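**Q** Take this structure first; my questions come after.
The values are calculated or read from the model by the stated rules, or taken from the named source; none is laboratory data. Here the structure is a predicted model, which means the values were calculated and not measured. Cβ sites come from the backbone with ideal geometry, for glycine too, and all protein chains shown count toward neighbours.
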């Protein structure tokens, strides 16, 4: 009995082997070598590289990354929720909804480099809005080049965080049943009471979960920042770039691994929180 | 009335949408304006747009990115479709682990993968030679979460088991059952997976630039340092192409396709 069961399982597992091998080679091994590379030095284990994370520049980059991610996650979540609320009354199959969700998908997921150039074209040195403001005697929008600093990144990141929030939050908003509102209203609730006492508490876990997702999204984002900021390392992803491209510098060897490891830890913590909140939401969102 | 009771309608809604429309369309309009400006500031020119084909560096990069998209889609479908169908039919015990692995790239940023993939790619380059197209292996990992959700959605909407039992009892082998019975029934999911993968690959910058390969986005950034007009034109072209791709998909798959709106932890920024 046991034999035939085992043989059957093996035969059933065989077609899955290519998939597992592919993921082992191109996902698991790279991730493990980041972890391994950050705690090993010339074959023996050491915490030197991780200790280097507490040095001034690395800490500064981490703090700025956290700040950038937190600010754009909150702004993106609030404005994105409002935008989702504004478009939810159109049926999902309407042309309006299709166009809006397609735009949101493109901006949120596939923008990257293009979004950096979008803002360079708008408020860069010779940007369209900059030139217009100058021509009507308005303020100098370019200023001292704030677009290329963390302040600029907050603006540009917001441009992809709001659409991401719309995509993530729309299903939760649609999950609110009409009957719940009718029940509340028939019991004498005002619209305000419905939102603060029924819809609000129901949507809260979804909203918080989405905010965490936005945080992780901004924290791990690289392309937009890299295209916009060509020198200096204001944030963690750009510090990884420098460490990776200048490994010849003495003492920098392997530092990229430690920074990447730090990124894994932060994103993993955030995503665990996200997972817990999603599970809570999925209880009523069916 | 049912769908309208959650959100506002009519002029209130229109009024609320105005600031959002302004915020989102202004940069897009600026790109169109910027990319067609003449240096003297008089009139319009399409030189920036013409360069997308005329400039050999950009044109080569576009071809590279299209090649990468084609290879990635092929690899992704070859890897995912048989595996996911097989799990449903014969190996349900593997459902959770396959799902976990497919969604894992959402938690491991592309930036982390590129830092750690050096050793693996020494082997890849040794076997396949030095070519930007080798990136399609790691790109397959990047598109996995999106593709998984799309195909999983399509598989859930049909009764794979009954269909395949019917085919098998009529004498079809496993290969025939999968290729001629199941696949035609999950066509919309496969199409979604392919389209979204194309959009991800065409927008990818992180891995290509840090691994030292010249795909479209890498070349756009390089050119942007000297010729802003062409870089902006190329950027706008990428966004428009992505938009057309996703809108087409949304119309083709009709109905309430969940595949258009996977909860993403974005692939291209990270």
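**Q** Return yes or no: is residue B:26 touching a residue at least 40 places away in the same chain (Cβ under 8 Å) and part of a helix (DSSP H, G or I)?
**A** For residue B:26, the condition - touching a residue at least 40 places away in the same chain (Cβ under 8 Å) and part of a helix (DSSP H, G or I) - is not met.
**Q** Let me ask another. Residues to consider are B:260, B:246, B:265; find the one that is facing chain A (nearest Cβ under 8 Å), modelled with pLDDT under 95, buried (at least 20 other Cβ atoms within 10 Å of the Cβ) and part of a helix (DSSP H, G or I).
**A** Numbers: B:260 fails: part of a helix (DSSP H, G or I); B:265 fails: part of a helix (DSSP H, G or I).
B:246 is the lone residue from the list that is facing chain A (nearest Cβ under 8 Å), modelled with pLDDT under 95, buried (at least 20 other Cβ atoms within 10 Å of the Cβ) and part of a helix (DSSP H, G or I).
**Q** Considering each of A:189, A:204 in turn, give the residue that is more than 9 Å from chain B (Cβ to nearest Cβ) and in a loop (DSSP other than H, G, I, E, B).
**A** A:189
**Q** When residues of the range A:181-203 are filtered for being under 32 Å from the mean Cα position of the chain (by Cα) and surrounded by 14 or more Cβ atoms within 10 Å (Cβ to Cβ), how many remain?
**A** Adding up the residues that qualify gives 6.
**Q** Further question on the same structure: Can you pull out the residues in the range B:194-212 that are under 18 Å from the mean Cα position of the chain (by Cα) and either more than 9 Å from chain A (Cβ to nearest Cβ) or surrounded by fewer than 21 Cβ atoms within 10 Å (Cβ to Cβ) (or both)?
**A** B:194, B:195, B:197, B:198, B:201, B:207, B:208
**Q** I need the full set of residues from the range A:25-37 which are over 24 Å from the mean Cα position of the chain (by Cα) and more than 8 Å from chain B (Cβ to nearest Cβ), in order please. First the steps, then the outcome.
**A** Going through the range A:25-37, the residues over 24 Å from the mean Cα position of the chain (by Cα) turn out to be A:25, A:36-37.
Once the filter is applied, which keeps residues that are over 24 Å from the mean Cα position of the chain (by Cα) and more than 8 Å from chain B (Cβ to nearest Cβ), the range A:25-37 yields only A:36.
**Q** So which residues in the range B:213-238 are more than 9 Å from chain A (Cβ to nearest Cβ) and assigned to a loop (DSSP other than H, G, I, E, B)?
**A** B:213, B:214, B:215, B:226, B:227 - these are the residues of the range B:213-238 that are more than 9 Å from chain A (Cβ to nearest Cβ) and assigned to a loop (DSSP other than H, G, I, E, B).
**Q** Right, next: Counting just the residues of the range A:134-153 that are part of a helix (DSSP H, G or I) and within 14 Å of chain B (Cβ to nearest Cβ), which one comes out nearest to residue A:76 (Cα to Cα)?
**A** Ranking the qualifying residues of the range A:134-153, first place goes to A:153.
**Q** Follow-up question, since we're still on this one. Tell me which residues, restricted to the range B:116-139, are facing chain A (nearest Cβ under 10 Å) and surrounded by fewer than 21 Cβ atoms within 10 Å (Cβ to Cβ).
**A** Hits for the range B:116-139 are B:118, B:119, B:120, B:121, B:123, B:124, B:137.
**Q** Which of the residues belonging to the range A:99-142 are free of Cβ contacts under 8 Å to residues at least 40 places away in the same chain, within 23 Å of the chain's Cα centre (by Cα) and surrounded by fewer than 23 Cβ atoms within 10 Å (Cβ to Cβ)?
**A** Listed by number, the residues that qualify are A:99, A:102.
**Q** Inside the range A:172-181, can you point out the residues that are facing chain B (nearest Cβ under 7 Å) and either closer than 10 Å to residue A:104 by Cα or in a helix (DSSP H, G or I) (or both)?
**A** The answer is A:173, A:178, A:181.
**Q** Let me ask something else. Among the residues of the range A:83-110, which ones are within 7 Å of chain B (Cβ to nearest Cβ) and closer than 30 Å to residue B:207 by Cβ?
**A** A:101, A:102, A:103, A:105, A:106, A:108, A:109, A:110
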